[in-house]
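Worksheet: one structure, shown below.
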Amino acid sequence: MAARSLLSVLLLLACVLLEPQNARALTLSARLIHRFSDEAKALRISRSGEDPKDLGRWPQRNSMDYYHLLASTDFQKRKMKLGSRSHFQFLFPSEGSNTVSFGNDFGWLHYTWIDIGTPNVSFLVALDTGSDLFWVPCDCIQCAPLSASYYSTLDRDLNEYSPSGSNTSKHVSCSHELCESGTNCKSPKQSCPYTVDYYTENTSSSGLLVEDILHFAAGGDDGPNTSIEAPVIIGCGMKQSGGYLDGIAPDGLLGLGLGEISVPTFLAKAGLTKNSFSMCFDEDDSGRLFFGDQGPAAQQSTSFLPSNGNYETYIVGVEACCIENSCLKQTSFKALVDSGTSFTFLPEALYDKISEEFDRQVNATITNYAGSPWKYCYNTSSQDLPKVPSVTLMFVANNSFVVHDPVFPINGNQGVVGFCLAIQPTDGDIGTIGQNFMTGYRTVFDRENLKLGWSRSNCQDFSDAKSMPLTPSKGTPPNPLPTNEQQSTPGGFAPAVAGRAPSKPSAASSRLVSSQFCSLRLLPLLLVLFLIVLVI
């Protein structure tokens with residue numbers, strides 16, 4: 001009867017609290033009791049029926065046990081608080097957020113160090129928004145050379161991963177939901193094989209899928225970085241082919257696409273970050289990578305476009321193209337935004353219009369350079385790169401992506417001797433915005449809102465300031481030309497879109513956002529229900 005009476009009182013109190021007009025007529029008070037006080041001890045005994053002897057270790061006030069229990073409880077609360085906020089943190093590889101490009105030696109892509117497994121092993125991986133799987137050389141049958149002596153820009157050897165050498169490595173079976181080759185397995189329990197074919201001819205990676213942890217750091221303004229271990233699925237790349245044997249991504253490829261098997265998807269589904277990331281490449285071939293970054297409020301943006309009804313890759317719709325202030329008619333096209341493609345490619349008819357208008361406006365003499373893959377190249381009379389016409393990509397709502405230096409400088413012994421328009425034609429009606437056009441921008445891949453964001457940046461206005469443990473060789477020639485072979489197809493040796501795209505995008509972010517919104521609206525009712533359950 002007492003429980004029913006109290007339940008009635010609580011329900012009445014809930015109704016009063018939910019009626020705004022009665023808010024002023026009711027005054028509530030409560031007395032606070034310290035959790036380690038004698039009153040709290042007596043209350044616990046009366047409610048639970050525990051023998052007072054079982055509470056003999058009840059901490060004495062001001063004793064070491066007393067302070068130890070207080071501190072440990074506060075620490076647990078702090079962890080819970082961090083956990084609730086972790087979805088909004090920036091994450092970056094534990095080695096640092098820095099990215100770096102080595103020029104022709106590594107195919108003009110950007111790379112970062114990332115640690116895998118226990119004990120952790122570091123890998124120098126290429127950043128590729130055009131594919132999904134993260135793979136590294138592993139128990140190699142056919143891999144690129146990993147010795148620093150093979151490359152002119154490394155000061156330490158590259159590593160090879162072995163699942164047997166990591167205490168946190170786990171077997172991924174053919175029955176796993178992310179095993180695309182599962183139907184071809186003899187047994188659902190056997191290890192899941194994978195093969196990814198890239199657009200570049202005969203370029204692929206194959207091996208087995210494994211699960212292991214990646215090591216990240218979570219930056220913050222109120223203290224040191226927090227270490228984060230995130231379980232992901234990794235491609236144990238036993239056999240590589242094509243460009244992967246010739247200096248492109250010799251130590252692995254970090255797929256950052258929209259697929260369920262990509263690293264950003266795993267981080268978002270685990271609640272570690274928002275479902276977004278940013279990359280920033282500067283003029284000095286360095287940059288930054290941050291997971292969870294949705295960019296500044298003042299950035300410009302455009303929506304990603306679906307392909308065959310699904311959001312499979314980062315495709316955007318360009319409304320028009322401009323050279324300086326001259327906007328050309330009938331220059332709309334779709335483009336894949338791909339950091340895994342070294343340079344930019346446009347549909348052939350559009351390429352002709354853009355390059356001819358650029359040639360008309362540029363104040364330089366057209367010429368040819370031996371080994372240059374580009375058609376429109378020019379001499380310069382000074383040792384510095386002259387001002388060249390900008391290329392602007394116009395999007396809906398007058399959002400514009402301005403490429404101030406759409407050229408590749410040609411260096412001689414005494415400095416710059418010329419430059420080329422660093423755009424190539426491609427078959428089909430879908431172009432590629434490569435990493436050279438991303439230079440000077442903080443480019444945000446907001447997967448949560450399915451938008452591409454961008455803002456001008458020097459890539460140094462972020463919190464983490466670790467430097468890459470890499471030093472260029474003094475004997476390296478300045479800025480050598482990419483070879484014709486590297487530019488023969490979109491991306492050259494650089495990976496573009498993987499051969500098989502995921503069937504649907506991640507929905508983890510929408511579930512997280514909607515659940516937080518509902519929780520705020522239902523907080524008063526949830527509090528009342530909690531009190532009712534506690535009494536019963």
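The values are calculated or read from the model by the stated rules, or taken from the named source; none is laboratory data. Owing to the predicted nature of the structure, the values given are computational and were not obtained by experimental measurement. Glycine gets a Cβ as well: all are built from the backbone with ideal geometry, and neighbour counts include every protein chain shown. Side chains included, ligands, DNA and RNA excluded: accessible areas come from the protein's heavy atoms. Shrake-Rupley method; radii C 1.70, N 1.55, O 1.52, S 1.80 Å.
A few remarks follow.
- Screening residue 140 with (1) at pLDDT 95 or above; (2) surrounded by 18 or more Cβ atoms within 10 Å (Cβ to Cβ); (3) among the hydrophobic types (A, V, I, L, M, F, W, C) gives one miss only, at (2).
- Going through (1) surrounded by fewer than 24 Cβ atoms within 10 Å (Cβ to Cβ); (2) closer than 11 Å to residue 433 by Cα; (3) not polar (S, T, N, Q) one by one, residue 312 falls short only on (2).
- Qualifying residue in the range 483-492 (condition: at pLDDT below 85, assigned to a loop (DSSP other than H, G, I, E, B), open to solvent by 20 Å² or more (accessible area, probe 1.4 Å) and under 19 Å from residue 318 (Cβ atoms)): yes
- Boolean, residue 450 is under 25 Å from residue 306 (Cβ atoms), open to solvent by 10 Å² or more (accessible area, probe 1.4 Å), of a type outside the set (D, E, K, R) and in the same structural domain as residue 353 (by the TED database): yes
- Selection of the range 358-394 for residues being among the small types (Gly, Ala, Ser) and in contact with a Phe, Trp or Tyr (Cβ under 9 Å, 6 or more places away or on another chain) yields 364, 372.
- Restricting the first member to the range 130-146 and to residues that are farther than 24 Å from residue 343 by Cβ, and the second to residues that are hydroxyl-bearing (Ser, Thr, Tyr) and in a loop (DSSP other than H, G, I, E, B), the beta-carbon pairs closer than 7 Å and six or more apart or on different chains are 138/162; 139/162.
- Neighbours by Cβ (under 7 Å, 6+ apart or cross-chain): first from the range 290-316, more than 20 Å from residue 255 (Cβ to Cβ); second loosely packed, with under 14 Cβ neighbours inside 10 Å and at pLDDT below 95: 302/396
- In the range 427-441, the residues that are surrounded by fewer than 21 Cβ atoms within 10 Å (Cβ to Cβ) form Cβ pairs under 6 Å with partners that are assigned to a loop (DSSP other than H, G, I, E, B), at six or more places apart or across chains, as follows: 436/343; 436/422.
- Meets criteria (in contact (Cβ under 8 Å) with a residue 40 or more places away in the chain and buried (at least 20 other Cβ atoms within 10 Å of the Cβ)) for residue 165: no
- Taken together, the residues in the range 237-251 that are under 13 Å from residue 105 (Cα atoms), open to solvent by 20 Å² or more (accessible area, probe 1.4 Å) and touching a strand residue (DSSP E or B) at 6+ places or on another chain (Cβ under 9 Å) amount to 1.
- Per the conditions (1) among the charged types (D, E, K, R); (2) open to solvent by 20 Å² or more (accessible area, probe 1.4 Å); (3) modelled with pLDDT of 95 or more; (4) closer than 23 Å to residue 113 by Cβ, the sole criterion not satisfied by residue 212 is (2).
- Filtering the range 349-372 for residues that are under 19 Å from residue 452 (Cβ atoms) and open to solvent by less than 10 Å² (accessible area, probe 1.4 Å) leaves an empty set.
- Search result, residues across the range 120-161 that are of a type in the set (Ser, Thr, Tyr) and within 18 Å of residue 264 (Cβ to Cβ): 129, 131
- Subset of the range 263-280 [open to solvent by less than 10 Å² (accessible area, probe 1.4 Å) and either modelled with pLDDT under 95 or over 27 Å from residue 403 (Cβ atoms) (or both)]: 263, 265, 267, 268, 273, 275
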